[in-house]
Amino acid sequence: MPAAPLELEQVTPNVFTTTKLRGCNPSFVVTSDGVVCIDTPQLPTKAVAMREAAESHGSIRYLINTENHVDHIFGNYWYRGAGEIVNHQALWDIFMDPKAALDPFAYALEAIPTDDPEGEALLPDRDAYYADLPRGTVVFTGDLTLHVGDHTIRCLWTPGHTPGQLAVHVPEERVVFTGDTIFSNCQTWLMTSNVDQWLEALERIRALDDVDYVVPGHGPVVDLKYVETQRAVLMTWKAAVADAVARGWSREDTIAQVRFDNKFGPVDIGQAYMMDHIQNNNAGSLWDKLTATGYSKGR
Ligand SMILES: [Zn+2]
């Protein structure tokens, strides 16, 4: 059976994404001097297909990763030799983090039998994969602006979901790619996050005054109004766990009682089985942060 097509979506004349894959929403921008890619598909056959789709418009100049989580970087392997890799320093520092609670290589492999059986043949063993995995060649702190052909590619440091989180703003296309600062119409993963920084990141994105299209990390393309929805999700989680802490609930009680399975949509494509993992770890990680000594009131 041939692999299902990418279902590429043309957001503007020069911006393409796909929101129908297991994993993130990999995207690319076509400029007058080559292509800029944003994130890579985690499924091997999709990574190969996405690279081909990008290269059908010109050579790839840059690949920007918006975060260190495996669903945004695993496919870098199939972009070997395709331009410079742009990573924030704080992303680069924990690229394929060996200390992550979910082993990134193992978690990526979980998806292959069900979602990309033909990808098996493209996957090297663990050591070969790590030895040849493209990571940042352009590594920076703060923000970075690239001028590529007729386009401005603004990499905005928007930490919160992860420490090295980037949003990519392309004013000429009136588009911002937010990475997982926005989960559109699906559950939000916040266990490795700093929610207060994340709320600030949302305000930075909301303040962009030349954006019609928000390409989120997961879920369908939305507009800037969705920032308010994402803000409400974060505020609801934080308030509910803060309330549990104020009542003196234990970590276990908090995890058992504070859940939003039915409130914030399904888990993104292919990961319905992770619902308990998300609910438990969102609540547990927030409880840890809100009860940590030195965690200042009002944060
Ligand atoms: Zn993601």
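No lab work stands behind these numbers, since they all come straight from the coordinates. All values derive from a computational prediction rather than experimental measurement. Here Cβ is always computed from backbone atoms with ideal geometry, including for glycine, and neighbour counts include all displayed protein chains.
Miscellaneous remarks
- The order of Y273, Y79, Y107, Y130, going from fewest to most other C-beta atoms within 10 Å of their C-beta, is Y273, Y130, Y107, Y79.
- As a proxy for reagent exposure, L63, L156, L133 were ordered by neighbouring Cβ count within 10 angstrom, fewest first; the result is L133, L156, L63.
- ³J(HN,Hα) computed for each position of the range 269-274 - Karplus, 6.51 cos²θ - 1.76 cosθ + 1.60, integer Hz, glycine/proline x: 2, x, 10, 3, 5, 8
- Local electrostatic count at C24 - Lys and Arg +1, Asp and Glu -1, tallied over other residues with Cβ under 10 Å: -4
- Contact order normalised by residue count of the range 78-217, Cα under 8 Å, 6+ apart, percent: 22
- Note on the chain: with a GNM built from Cα contacts shorter than 10 Å, the maximum mean-square fluctuation among G34, G164, G81 falls on G81.
- Simple rule: put +1 on each Lys or Arg Cβ and -1 on each Asp or Glu Cβ in the chain, find the dipole, and look at Y77, H57, L224; the Cα lying farthest toward the positive end is L224.
- Computed from the alpha carbon positions, the gyration tensor of the range 2-64 leads to an equivalent ellipsoid with semi-axes of 18, 12, 11 Å, biggest first.
- Estimated D of the chain in µm² per second, where Rh is the Kirkwood radius over Cα pairs and Stokes-Einstein applies at 4 °C, 1.567 mPa s: 66
- Diffusion constant of the range 216-257 at 37 °C, which comes from Stokes-Einstein with the Kirkwood Cα-pair radius and 0.692 mPa s, µm²/s: 272
- Per residue Cα convex hull volume in Å³ - calculated over the range 146-249: 91
- The long axis of helix 195-206 is offset from the longest Cα principal axis of the chain by roughly 50 degrees.
- Taking Cα centre as origin and charging only the Cβ of basic (Lys, Arg, +1) and acidic (Asp, Glu, -1) residues, the dipole magnitude of the chain rounds to 820 debye.
- Seen against the Cα atoms of the chain and their longest principal axis, helix 275-291 is set at about 60 degrees.
- The range 64-140 and the range 248-280: distance between their alpha carbon centers, rounded to Å: 26
- Relative contact order [Cα under 8 Å, 6+ residues apart], the range 169-272, whole percent: 34
- Computed from Cα positions, the angle between helix 44-55 and the longest principal axis of the chain comes to roughly 50 degrees.
- Karplus-based coupling profile of the range 13-19, in residue order and whole Hz: x, 10, 10, 10, 8, 9, 10, with θ = phi - 60° in 6.51 cos²θ - 1.76 cosθ + 1.60 and x standing for Gly or Pro.
- Positive-end extreme of charge dipole, the chain - chosen from P13, T162, Y273 (charges on Cβ): T162
- Rounded, prolate or oblate (a/c below 1.5 giving rounded, otherwise prolate when a/b exceeds b/c) for the range 1-149 by Cα gyration tensor: oblate
- Computed [θ] at 222 nm, deg cm²/dmol, the chain (DSSP H ≥ 4; -39,500 (n - 2.57); rounded to nearest 500): -9000 deg cm²/dmol
- Estimated vicinal HN-Hα couplings, Hz - the range 171-178 in sequence order (Karplus 6.51, -1.76, 1.60; Gly, Pro = x): x, 4, 9, 6, 10, 10, 9, 8
- Normalised contact order of the chain, rounded percent, pairs of Cα under 8 Å and 6 or more residues apart: 15
- Per-residue extension of 0.36 nm, minus the Cα-Cα distance of F105 and A232, leaves a gain of 42.5 nm for this segment.
- Amide H contacts under 5 Å for V148, placed H, 5+ residues apart: I153
- Projecting the Cα positions of P104, V176, T192 onto the charge dipole of the chain (unit charges on Cβ atoms of Lys, Arg, Asp and Glu, taken about the Cα centre) puts T192 furthest along the positive direction.
- Residues whose amide H lies under 5 Å from that of V11, counting only those 5 or more places away or on a different chain, are F16, T17; hydrogens are built 1.01 Å from N in the peptide plane.
- Sorted by Cβ neighbour density within 10 Å, fewest at the top, the residues F140, F264: F140, F264
- For the pair S59 and D132, the difference between a 0.36 nm per residue extended length and the Cα-Cα distance amounts to 24.2 nm.
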